[in-house]
């Protein structure tokens with residue numbers, strides 16, 4: 001599947017807080033790429049209204065294999081894992 005690597009992932013349910021997410025996929029059938037995203041809030045749960053607004057997104061920190069936000073890529077076997085989510089809130093991307 002062809003796609004452009006996003007600089008951030010929008011949270012559609014709940015809030016990312018400052019949790020971490022890892023998007024991984026196989027690139028061209030030859031290598032596995034892992035991209036780490038971090039929630040935009042300063043804490044989990046978000047401390048105030050601004051923090052809550054910033055936690056509506058996971059922001060790209062970096063990827064393996066020299067991959068960057070905006071790169072046009074081809075991949076398959078996608079997986080998105082969320083780490084350190086607020087145990088009291090459901091989060092969906």
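Tabulated data
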| item | result |
| --- | --- |
| Considering residues of segment 36-68 that are free of Cβ contacts under 8 Å to residues at least 24 places away in the same chain and farther than 18 Å from residue 90 by Cα only, the residue nearest to the chain's Cα centre (by Cα) | 66 |
| Residue match in segment 36-45 (condition: in contact with a strand residue (DSSP E or B) (Cβ under 8 Å, 6 or more places away or on another chain) and surrounded by fewer than 15 Cβ atoms within 10 Å (Cβ to Cβ)) | no |
| Residues of segment 46-63 satisfying the condition of being out of contact with any strand residue (DSSP E or B) (no Cβ under 7 Å at 6 or more places or on another chain), buried (at least 17 other Cβ atoms within 10 Å of the Cβ) and part of a loop (DSSP other than H, G, I, E, B) | 46 |
| Tally of residues being crowded, with 17+ Cβ neighbours inside 10 Å and free of Cβ contacts under 8 Å to residues at least 12 places away in the same chain across segment 6-35 | 0 |
| Failed item in (1) closer than 13 Å to residue 35 by Cβ; (2) surrounded by 11 or more Cβ atoms within 10 Å (Cβ to Cβ), with residue 66 passing the rest | (2) |
| Residue tally, condition at pLDDT 95 or above and either closer than 10 Å to residue 35 by Cβ or out of contact with any strand residue (DSSP E or B) (no Cβ under 6 Å at 6 or more places or on another chain) (or both), over segment 74-88 | 1 |
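The values are calculated or read from the model by the stated rules, or taken from the named source; none is laboratory data. Please read all numbers here as calculations on a predicted model, not as lab measurements. Cβ: placed from backbone, ideal geometry, glycine included. Neighbour counts: every protein chain shown.
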